[in-house]
Amino acid sequence: MLLEINPDNPQARLIAKVVDILKAGGVVAYPTDTTYGIGCSIFSKKGVERIYQIKQRDRKKPFSFICSDLSEIARYAKVSNYAFKQMRRLLPGPYTFVLDAASVVPDLLLTKQKTVGIRMPDNKICLEIVNALGHPIVTTSANLSGEEPIGHPWQVDLDLGKLLDVVVDGGELTADVSSVVSLIGDVPTVLRKGVGDVSWCE
């Protein structure tokens, strides 16, 4: 099901509709500042399992998640002063930051090293969804593992719609990915070059 939401002024009643689905353990597709993502509440074990099945993804690869603001990031990750300064400067934006996880993060989202990947995309729709939900949502690109990301909501609906509870149509996006940067140990390490500028890491 496609649910069109205004990307510049998201309608509160439609955001609430998506949040109700997430609270019930549902899986949704939504826009970010790069490409479309699919996700669920980080506390929905069934939802996370469904996303692994939908993506056909290796279960040894945990998912990242979206936080609505810096204070929420600080609840779910250990943030040093250096990391905070960098994130305050760069977020919201097309980055995934790898940090040491806080104890509240579910095991399904942890690496063996007890780290997490956290996003705060520059997209009003997904940030308002997370803010209204009250805690983070899983984020992974809306495609099968190994295939190109999808920037068209109708294509997401065509390819994956039957496996999802709703596809949020927030307009046409790119098929780009975020830059992934580790901020562990106060030494920025580029793990993947994407849309976000990483020249500051050199």
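Values for this structure:
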item: Failed criterion for Gln53 (all others in (1) open to solvent by 60 Å² or more (accessible area, probe 1.4 Å); (2) modelled with pLDDT under 95 hold); result: (2)
item: Only listed residue being aliphatic (A, V, I, L, M), at pLDDT 95 or above and out of contact with any Leu (no Cβ under 9 Å at 6 or more places or on another chain), chosen from Val116, Val198; result: Val198
item: Subset tally (residues that are touching a residue at least 24 places away in the same chain (Cβ under 8 Å) and either within 20 Å of Glu49 (Cα to Cα) or touching a Gly at 6+ places or on another chain (Cβ under 7 Å) (or both)) for segment 158-170; result: 7
item: Matching residues, segment 142-152, being under 20 Å from Glu49 (Cβ atoms) and surrounded by 21 or more Cβ atoms within 10 Å (Cβ to Cβ); result: Ala142, Asn143
item: Some residue of segment 26-40 being without any contact (Cβ under 8 Å) to a residue 60 or more places away in the chain and open to solvent by less than 40 Å² (accessible area, probe 1.4 Å); result: no
item: Residue ID - farthest from the chain's Cα centre (by Cα), chosen from residues in segment 69-89 that are open to solvent by less than 20 Å² (accessible area, probe 1.4 Å) and among the aliphatic types (A, V, I, L, M); result: Ala83
item: Search result, residues across segment 174-202 that are among the hydrophobic types (A, V, I, L, M, F, W, C) and surrounded by fewer than 20 Cβ atoms within 10 Å (Cβ to Cβ); result: Ala175, Val177, Ile184, Val187, Val190, Leu191, Val195, Val198, Trp200, Cys201
item: Odd one out for Gln155, checked against (1) in a strand (DSSP E or B); (2) open to solvent by less than 60 Å² (accessible area, probe 1.4 Å); result: (1)
item: Test: residue in segment 95-109 that is touching a residue at least 60 places away in the same chain (Cβ under 8 Å) and of a type in the set (Gly, Ala, Ser); result: no
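The values are calculated or read from the model by the stated rules, or taken from the named source; none is laboratory data. Keep in mind it's a predicted model, so treat the numbers as computed, not measured. Cβ: placed from backbone, ideal geometry, glycine included. Neighbour counts: every protein chain shown. Areas reflect the complete protein model, heavy atoms only, side chains present, ligands, DNA and RNA absent. Shrake-Rupley method; radii C 1.70, N 1.55, O 1.52, S 1.80 Å.
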